[in-house]
Amino acid sequence: MMENKLTASLITIAALFAFALPVQAGESTAGTKIGVLTCKSIPGSGLNLLIHSTVDVKCTFDATDGSTTEHYVGETGIGLGLDISHKTKQTMVFTVFAADFKKGNHKLAGKYIGASAAATVGVGVGAHALVGAGKNSVSLEPAIEGNQGIGASAGISYLYLQADK
C-alpha cells in the first residue's frame, strides 16, 4: 500500500511538472505527445559493484491524452559513480515530450545518459536527469525516483530501453 501511494505521488508530481513547462514561442505542438514514463525495477535482477550498478526495468509510457500506451524493457544504473545501496524496489517516473509520436513505433526506445543521485533508509527518494535517444525528438524531463532499501548512490547514470513486444 505504501508503494502505491509513493508511485501515485511520483506520477502526480511528474504530471504537474509537465504542464508547468511552457511551449517556446514559434514551437509547433502538432504531433507532440506529452506523457509519463514509469519504470519499475525487476526484483532479483540487480548487480551492484560499488562504482557500477545495474538493474533490469519494465517501463510503461502513457500519453496524457489517453491515446497511447506503450511498454518497454531495459536496464538502468550507475555507469560511473558510487553506489553503496541495496534497493529492494525502485520506481522512476519521467515526464516525456516526444515529437511526431505514432502509436506502436516505440519512439522512446534508445539510450539515455545523465546524472542521478538517491538516498534510501527504508523508503527513499532520488532524482535523474537524462538526455539522448530519438534523434533529439524525445525529451525525458528530470525523473523522480521512489525506492525501498538502504544506502546512497550518485554518479553518471543511464537508461537503455527497447520495445517490449
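The numbers here are math on the coordinates, done by the rules we state, and not lab data. Fair warning: this is a prediction, and the values are worked out from it, not measured in the lab. Using ideal geometry, Cβ is built from the backbone for each residue, glycine included, and neighbour counts are taken over all protein chains shown.
For the range 107-165, give me each residue that is hydroxyl-bearing (Ser, Thr, Tyr) and surrounded by 15 or more Cβ atoms within 10 Å (Cβ to Cβ). Steps first, answer last, please.
From the range 107-165, those hydroxyl-bearing (Ser, Thr, Tyr) are 112, 116, 120, 137, 139, 153, 157-158, 160; that's our starting set.
Of everything in the range 107-165, those that are hydroxyl-bearing (Ser, Thr, Tyr) and surrounded by 15 or more Cβ atoms within 10 Å (Cβ to Cβ) turn out to be TYR112, SER116, THR120, SER139, SER153, SER157, TYR158, TYR160.
Assess whether ASP62 counts as being without any contact (Cβ under 8 Å) to a residue 60 or more places away in the chain, among the acidic types (Asp, Glu) and part of a strand (DSSP E or B). Talk me through it step by step, then tell me what you get.
On the way: without any contact (Cβ under 8 Å) to a residue 60 or more places away in the chain: yes; among the acidic types (Asp, Glu): yes; part of a strand (DSSP E or B): yes.
When the stated conditions are applied, ASP62 passes them.
Considering the range 45-66 alone, what residues qualify as being among the aliphatic types (A, V, I, L, M) and more than 24 Å from VAL96 (Cβ to Cβ)? If you could, list the steps in order and put the result at the bottom.
To start, the set of residues in the range 45-66 that are among the aliphatic types (A, V, I, L, M) comprises 47, 49-51, 55, 57, 63.
Answer for the range 45-66, where residues must be among the aliphatic types (A, V, I, L, M) and more than 24 Å from VAL96 (Cβ to Cβ): LEU47, LEU49, LEU50, ILE51.
Scanning for something part of a loop (DSSP other than H, G, I, E, B), more than 18 Å from ASP56 (Cα to Cα) and among the acidic types (Asp, Glu), does the range 141-150 turn up at least one residue?
Keep residues of the range 141-150 that are part of a loop (DSSP other than H, G, I, E, B), which gives 141-142.
Those still in the list that are more than 18 Å from ASP56 (Cα to Cα) too: 141-142.
From the residues that got through so far, the ones that are among the acidic types (Asp, Glu) too are 141.
Taking every residue of the range 141-150 in turn, at least one turns out to be part of a loop (DSSP other than H, G, I, E, B), more than 18 Å from ASP56 (Cα to Cα) and among the acidic types (Asp, Glu).
Report yes if some residue within the range 105-123 is in a strand (DSSP E or B), over 22 Å from ILE150 (Cα atoms), touching a strand residue (DSSP E or B) at 6+ places or on another chain (Cβ under 7 Å) and of a type in the set (Gly, Ala, Ser); otherwise report no. So that I can check it myself, show each step before the final result.
We begin by selecting, within the range 105-123, every residue in a strand (DSSP E or B); these are 110-123.
After this cut, where a residue has to be over 22 Å from ILE150 (Cα atoms) as well, the list is 110-114.
Then keep just the ones that are touching a strand residue (DSSP E or B) at 6+ places or on another chain (Cβ under 7 Å); that gives 110-114.
Subsequent filtering for residues that are of a type in the set (Gly, Ala, Ser) retains 110, 114.
Yes, because at least one residue in the range 105-123 is in a strand (DSSP E or B), over 22 Å from ILE150 (Cα atoms), touching a strand residue (DSSP E or B) at 6+ places or on another chain (Cβ under 7 Å) and of a type in the set (Gly, Ala, Ser).
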